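Engineer: One structure, pasted below without further comment.
The values are calculated or read from the model by the stated rules, or taken from the named source; none is laboratory data. Note that the structure is a prediction, hence the values are computed from the model and not measured. Glycine also receives a Cβ, built like all others from the backbone with ideal geometry; neighbour counts cover every protein chain displayed. To get the accessible areas, we keep the full protein, side chains included, count just its heavy atoms, and leave off ligands, DNA and RNA. Shrake-Rupley method; radii C 1.70, N 1.55, O 1.52, S 1.80 Å.
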Amino acid sequence: MQGNLVRSVRLTGRERFLGADELIVTKTDLQGRITYANRVFRRISEYSEAELLGAPHNIVRHPDMPRCVFKLLWDTISSGREIFAYVVNVASNGDHYWVLAHVTPTFDDKGAIIGYHSNRRMPERSSIDNARALYAQLNAEEKRHSSPARAAEAGLAKLNALLSQAGQTYEQFFFTL
Amino acid sequence: MNTATEGHDVRIRELEERVQRYETWVERITKVCEDAVAGELESRLVHVDRAGDPQLERMLDSINNALDAVDAYVRESRVSLDAASQGKFFRRFVLKGLRGTYRHAAETINGASQTMAQRTHELAEASRCRDRVANEFEAFLQHVVESVAKAAHDMRESSAHIGSSVDGSAKEAVSAETAAQQLAGEVQSVAAATEQLSATAGEINRQITESSNVARGAVEEAQRTQSTIGDLAKLSQTIGGVLRLISEVAQQTNLLALNATIEAARAGEAGKGFAVVASEVKNLAKQTSKSTEEITRHINAIQTTTKASVDAIGRISQTIEVISATAQHIATNVEQQVVATRDISASIQRAAERTDTVARGMGYVSSATHATADSISELDRAAQSLETHSQSLRAEAQRFLATIRCETSGT
Ligand SMILES: Cc1cc2nc3c(=O)[nH]c(=O)nc-3n(C[C@H](O)[C@H](O)[C@H](O)COP(=O)(O)O)c2cc1C
């Protein structure tokens, strides 16, 4: 998680698609700065390796992503667990693309977290629709708070409320999404 | 220096630089591959865009892609199997983005965790079933043990109760037996007495019949006596008549004697003897008259007595008749009495037989009661051991339940 300013990109509203057999792979350091980006990622995000290496991962952040999703992501991976999330990203030209992100910590021999790793795959269309509907709800909740931290908290509270309503854990919920 | 040589030199420098770059990348590739071989899948070839050679760049990306595929496979397999081992079967190996052998292997893993899920489900089902069975069994057992304990307790209480009443019964039976024996004896003597009574009644009857006959004889005799006395009365009246005649004769004789005396006195001496006779006759007449009077008095007395006798005999006769009738009546009654007594005697005889049976029965009861008392103490011992057994059954079952529920014994 890095405080660097997100490069403001003008959204085009055009969607890009990841191939069914394709895998986006990135690795970050403990702060979320990119240490590795594979060719698929460079192509779809339309960034050069030089631009990506050392950059914070929010370089591809899309404004429609609720803050609470990233809070949950960081809370989860920093405690040593994996997380799945539907994420919409934005390419350098303003196009967007949906991914099914799987983020995991990387451990050293002693079990200490030394970095993070993410594989992204092509999501199902129906899952994207569900995620979009859910994120709209979470965003609505978050918009009621001016402080980003508060907004993230409130969004997470909302997400947890929805989960307990469904009687599911986030993991179970995610796999039914 | 000519340009051709210059161009040649540049070319050589370029080639040398290229070789140097290649050497650098070969070194890095070697390092990354060695890491990968050593199981260190983190290393990647970065800044590939600085390779400045599209062909080299493609090769470097391909190496990275190969490592990414292996890495993805390893991460997925580890995470999905770890999840499966925690029972989170919904966390499947994500197949997307994997190709060829990786994909097949991943599919195999998913198949395995599917089976595992099924087994776990079955196991959970079985364990739930086992728990349910254990609970049911426990509840049932609890019920059984409680029932057995209660039954044993009740049994002991009842046996104690029965025991005491059996003791009572035993005493009762003994005294009943004694009483029955006594009764049998009494009945026997009553029977004998009744027999005797019957005989006596017969005797009385016979005697009464006899006295009745005697009475009848007496009445006849009385009647005969009455008529005899009547004859006697008539006779005494006849005698009375005769006596009056004699009395008249005596008076005339006296007068004659008186006249003779007077005559004798006139005759003087000569008449003296005669005078003596005359006075003698006069005395005789007087004496006769006196005797006649006396006899008359006697006859009168006889007549009075006779009359009284007749009256008395009439009364006696009446009395005897009354007695006779009464005796007849008694005889009839006694006759009935005899019949009744015979019936009673027969009943008593039967009663005596039954009493005998009762006495024998009481004897059986008495010995049966003793046997019962023995059985009851047996029963009490059985109930006691039942209690003990039910307790050990409970403990045993509790251990069994703990075992099948996989509880640790705590020892
Ligand atoms: C391994 C890894 C991969 C990530 N991938 C993305 C991504 O694809 N898109 C994204 O918006 N954020 C991604 N993030 C999260 C970012 O670090 C960041 O938290 C997020 O973009 C929100 O940025 P903000 O906190 O500036 O709003 C990733 C983080 C890690 C550790």
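Engineer: Please give the solvent-accessible surface of A:Trp74 in Å², to the nearest 10, using a probe radius of 1.4 Å with every protein chain present.
Structural biologist: 40 Å²
Engineer: Right, another one. Using a probe of 1.4 angstrom, how much of the accessible area of the protein assembly as shown is carbon and sulfur, in percent? Walk me through the numbers on the way to the answer.
Structural biologist: Values: 20030 of 34930 Å².
Summing carbon and sulfur atoms, their accessible area is 57 percent of the total for the protein assembly as shown.
Engineer: Hey, another quick one. On a full-extension model of 0.36 nm per residue, what is the gain between B:Glu6 and B:Ser227, subtracting their alpha-carbon distance, rounded to one decimal in nm? Write down the numbers at each step before the final one.
Structural biologist: Numbers: separation 221, 0.36 × 221 = 79.56 nm, distance 22.21 nm.
Difference between extended and current length: 57.4 nm.
Engineer: Still on this structure, please answer the following. What is the distance in Å between the Cα centroid of the range B:330-381 and that of the range B:202-235?
Structural biologist: 53 Å
Engineer: Per DSSP H run of n ≥ 4, the term is -39500 (n - 2.57); total these for the protein assembly as shown, divide by its residue number, and report the mean residue ellipticity at 222 nm rounded to 500 deg cm²/dmol. Spell out each step's value before the answer.
Structural biologist: Numbers: 10 runs with 439 residues, N = 588.
The helix-only estimate for the protein assembly as shown comes to -28000 deg cm²/dmol at 222 nm.
Engineer: Calculate the length of the line joining the C-alpha centroid of the range A:1-76 to that of the range B:249-280, in whole Å.
Structural biologist: Going from one Cα centre to the other spans 222 Å.
Engineer: As a test question: what accessible area, to the nearest 10 Å², does B:Leu256 have when a 1.4 Å probe is rolled over all protein chains in place?
Structural biologist: B:Leu256 exposes around 110 Å² with every protein chain in place.
Engineer: Which distance in Å, rounded to a whole number, links the C-alpha centroids of the range B:6-42 and the range A:94-138?
Structural biologist: Going from one Cα centre to the other spans 34 Å.
Engineer: On to the next question. Heavy atoms of the protein only, probe of 1.4 Å, neighbouring chains included. What is the accessible area of B:Thr296 in Å², nearest 10?
Structural biologist: 50 Å²
Engineer: Can you give the angle from 0 to 90° between the axis of helix B:268-404 and the longest principal axis of chain B, with both taken from C-alpha atoms, to the nearest 10?
Structural biologist: Value to nearest ten degrees: 10.
Engineer: Once every Cα of the protein assembly as shown carries one equal point scatterer and solvent is ignored, give the base-10 log of I(q)/I(0) from the Debye formula at q = 0.11, 0.12 Å⁻¹, two decimals.
Structural biologist: For the protein assembly as shown, the Cα-only Debye profile gives -1.14, -1.22.
Engineer: R0 = 41 Å: FRET efficiency of B:Leu256 with B:Glu210, Cβ-based, nearest 0.05?
Structural biologist: Details: r = 66 Å, r/R0 = 1.62.
The computed FRET efficiency comes out at 0.05.
Engineer: Moving on. Can you give the accessible area buried between chains B and A, summed over both chains, with a 1.4 Å probe, in Å² to the nearest 100? Mind dumping the intermediate values first?
Structural biologist: Working: alone 27860 and 9530 Å², together 34930 Å².
Summing both sides, the interface buries roughly 2500 Å².
Engineer: Another question, if that's okay. Pairing the Cα long axis of helix B:100-266 with the longest principal axis of chain B, what angle in degrees results, from 0 to 90 and rounded to the nearest 10?
Structural biologist: 0 degrees
Engineer: If you don't mind, there's one more thing I want to ask. When only C-alpha pairs under 8 Å and at least 6 residues apart count, what is the relative contact order of chain A, in percent? List each step's numbers first, then the result.
Structural biologist: Details: 311 pairs, mean separation 42.4, N = 177.
Dividing the mean separation by the residue count of chain A yields 24 percent.
Engineer: Find the accessible area per residue for the protein assembly as shown; the probe is 1.4 Å, ligands and nucleic acids are left out, and the unit is Å².
Structural biologist: Working: 34930 Å² over 588 residues.
That works out to 59 Å² per residue.
Engineer: Now for a different question. On a 0 to 90 degree scale, rounded to 10, what angle separates helix B:3-37 from the longest Cα axis of chain B?
Structural biologist: That works out to roughly 20 degrees.
Engineer: Right, something else. Cα to Cα, under 24 Å, and not fewer than 8 places away if on the same chain: which lysines meet these conditions relative to B:Lys290?
Structural biologist: B:Lys234, B:Lys282
Engineer: Suppose the chain between B:Glu14 and B:Ala371 were pulled fully straight at 0.36 nm per residue; how much longer would it get relative to their current alpha carbon spacing?
Structural biologist: Working: separation 357, 0.36 × 357 = 128.52 nm, distance 12.68 nm.
Taking B:Glu14 through B:Ala371 to full extension adds about 115.8 nm, to one decimal.
Engineer: Also, quick follow-up: Mind scanning A:Lys27/A:Lys158; A:Lys27/B:Lys96; A:Lys71/A:Lys143; A:Lys110/B:Lys88; B:Lys31/B:Lys96; A:Lys71/A:Lys158 and naming the pairs with a C-alpha gap bigger than 23 Å? Numbers along the way, then the final one.
Structural biologist: Details: A:Lys27/A:Lys158 30 Å; A:Lys27/B:Lys96 19 Å; A:Lys71/A:Lys143 16 Å; A:Lys110/B:Lys88 26 Å; B:Lys31/B:Lys96 29 Å; A:Lys71/A:Lys158 13 Å.
The pairs that break the limit, which is 23 Å between Cα atoms, are A:Lys27/A:Lys158; A:Lys110/B:Lys88; B:Lys31/B:Lys96.
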